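A short worksheet on the structure shown next.
The values are calculated or read from the model by the stated rules, or taken from the named source; none is laboratory data. Being a predicted model, the structure only gives us computed values, none of them experimental. A quick note on method: Cβ atoms are made from the backbone with ideal geometry, for glycine too, and the neighbour counts reach across all protein chains shown.
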Amino acid sequence: MAASPSDDVVRNGAPSTSSVIDFLSLCQNLKTTKRTGWSLKGVKNPESIADHMYRMGLMALIAPDVPGFDRNKCIKLAIVHDIAEAIIGDITPIDGVSKKEKTYLEKTALDHMCEVLGGGSAATEITKLWMEYESNFSLEAKFVKDLDKVEMILQALEYEDEQGKNLEEFFRSIAGKFQTETGKAWASEIVSRRKNPFPITDRPDNM
Ligand SMILES: Nc1nc2c(ncn2[C@H]2C[C@H](O)[C@@H](COP(=O)(O)O)O2)c(=O)[nH]1
Ligand SMILES: [Mn+2]
């Protein structure tokens, strides 16, 4: 039975089966590469890049409806936004790599991944989604940028509770940077759940 076209993009120039498997094998690195921020803090058994993107996808799935808001696009943005880290790894803000350099490294890696996929509409869509997230222009991009921060501080809270780590710097790094009401509300709830003795980050109105 012919597969029905996806709900938004009819695939043309579909990649060859071998290109698909080559691309997916590249993406295995997302499942095996631990998130650097936690490794640097000595977190035991830290999450992978894929773990992080998966929960962001779930966040987009359960986010409240907003008129004119494309939830499906947010789910796609979530599972694509760090895809280039399959090649360049997970760079943190304290690694001393400039934003310009990081963007260049990611786009070069993304272009290579899309070449491995054999180009075509799937590769084009992945590139478009990645560019949209990077541009932070659309409501969906702003929301998924917020989810990136929400997912990180929720994970930080869980490591603080489970492993007694003090991950205050992660909470400070996102204070005041939220762009959507939902992101701000979710972040405030997470911050409110932090336990003493760790200092409580700036109050929610500074989220
Ligand atoms: N040591 C710190 N690491 C941080 C901080 N803020 C983010 N990070 C880490 C988290 C990830 O490992 C990586 C970037 O994640 P992306 O999802 O943006 O690719 O950087 C921080 O304040 N300190
Ligand atoms: Mn991310």
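Considering (1) surrounded by 15 or more Cβ atoms within 10 Å (Cβ to Cβ); (2) within 15 Å of ligand 2 (Cβ to nearest atom); (3) more than 22 Å from LEU110 (Cα to Cα), say which one PHE69 fails and leave the rest.
(2)
Working carefully through the options ILE153, ILE94, find the one that is buried (at least 16 other Cβ atoms within 10 Å of the Cβ), closer than 30 Å to ARG194 by Cα, within 12 Å of ligand 1 (Cβ to nearest atom) and aliphatic (A, V, I, L, M).
On the way: ILE94 fails: buried (at least 16 other Cβ atoms within 10 Å of the Cβ).
Exactly one of ILE153, ILE94 is buried (at least 16 other Cβ atoms within 10 Å of the Cβ), closer than 30 Å to ARG194 by Cα, within 12 Å of ligand 1 (Cβ to nearest atom) and aliphatic (A, V, I, L, M), namely ILE153.
Which ones in region 41-59 are more than 18 Å from ILE174 (Cα to Cα) and not basic (Lys, Arg)?
Result: GLY42, VAL43, ASN45, PRO46, GLU47, SER48, ILE49, ALA50, ASP51, TYR54, GLY57, LEU58.
State yes or no: is ASP82 under 17 Å from ALA123 (Cα atoms), within 16 Å of ligand 2 (Cβ to nearest atom) and in a loop (DSSP other than H, G, I, E, B)?
Working: under 17 Å from ALA123 (Cα atoms): yes; within 16 Å of ligand 2 (Cβ to nearest atom): yes; in a loop (DSSP other than H, G, I, E, B): yes.
Answer is yes for this residue.
I need a count of the residues in region 133-150 that are free of Cβ contacts under 8 Å to residues at least 60 places away in the same chain and within 14 Å of ligand 1 (Cβ to nearest atom).
6
Can you name the residue in region 90-146 that is within 17 Å of the chain's Cα centre (by Cα) and aromatic (Phe, Trp, Tyr) and, of all such residues, is farthest from ligand 2 (Cβ to nearest atom)?
PHE137
Tell me which residues, restricted to region 42-90, are basic (Lys, Arg) and either within 12 Å of ASN29 (Cα to Cα) or in contact (Cβ under 8 Å) with a residue 40 or more places away in the chain (or both).
Looking only at region 42-90, we keep the residues that are basic (Lys, Arg), and these are 44, 55, 71, 73, 76.
LYS44, ARG55, LYS73, LYS76, listed by residue number.
Against the definition (at pLDDT 95 or above, touching a Lys or Arg at 6+ places or on another chain (Cβ under 9 Å) and either under 17 Å from VAL20 (Cβ atoms) or not in a helix (DSSP H, G or I) (or both)), how does GLU140 come out, yes or no? Steps first, answer last, please.
On the way: at pLDDT 95 or above: yes; touching a Lys or Arg at 6+ places or on another chain (Cβ under 9 Å): yes; either under 17 Å from VAL20 (Cβ atoms) or not in a helix (DSSP H, G or I) (or both): no.
No, not satisfied.
If you go through region 95-127, how many residues are touching a residue at least 60 places away in the same chain (Cβ under 8 Å), part of a loop (DSSP other than H, G, I, E, B) and among the hydrophobic types (A, V, I, L, M, F, W, C)?
Of the residues in region 95-127, the ones touching a residue at least 60 places away in the same chain (Cβ under 8 Å) are 113, 116-123, 125.
After this cut, where a residue has to be part of a loop (DSSP other than H, G, I, E, B) as well, the list is 117-119.
Within this subset, residues satisfying the condition of being among the hydrophobic types (A, V, I, L, M, F, W, C) are 117.
Result for region 95-127: 1.
Of the conditions (1) more than 16 Å from ligand 2 (Cβ to nearest atom); (2) surrounded by 16 or more Cβ atoms within 10 Å (Cβ to Cβ); (3) of a type in the set (Val, Ile, Thr), ILE21 satisfies every one except a single condition; which number is it?
Tallying (1) more than 16 Å from ligand 2 (Cβ to nearest atom); (2) surrounded by 16 or more Cβ atoms within 10 Å (Cβ to Cβ); (3) of a type in the set (Val, Ile, Thr), ILE21 fails exactly one: (2).
What's the number of the only condition in (1) away from ligand 2 (no atom under 13 Å from the Cβ); (2) surrounded by fewer than 20 Cβ atoms within 10 Å (Cβ to Cβ) that THR36 fails to meet?
(1)
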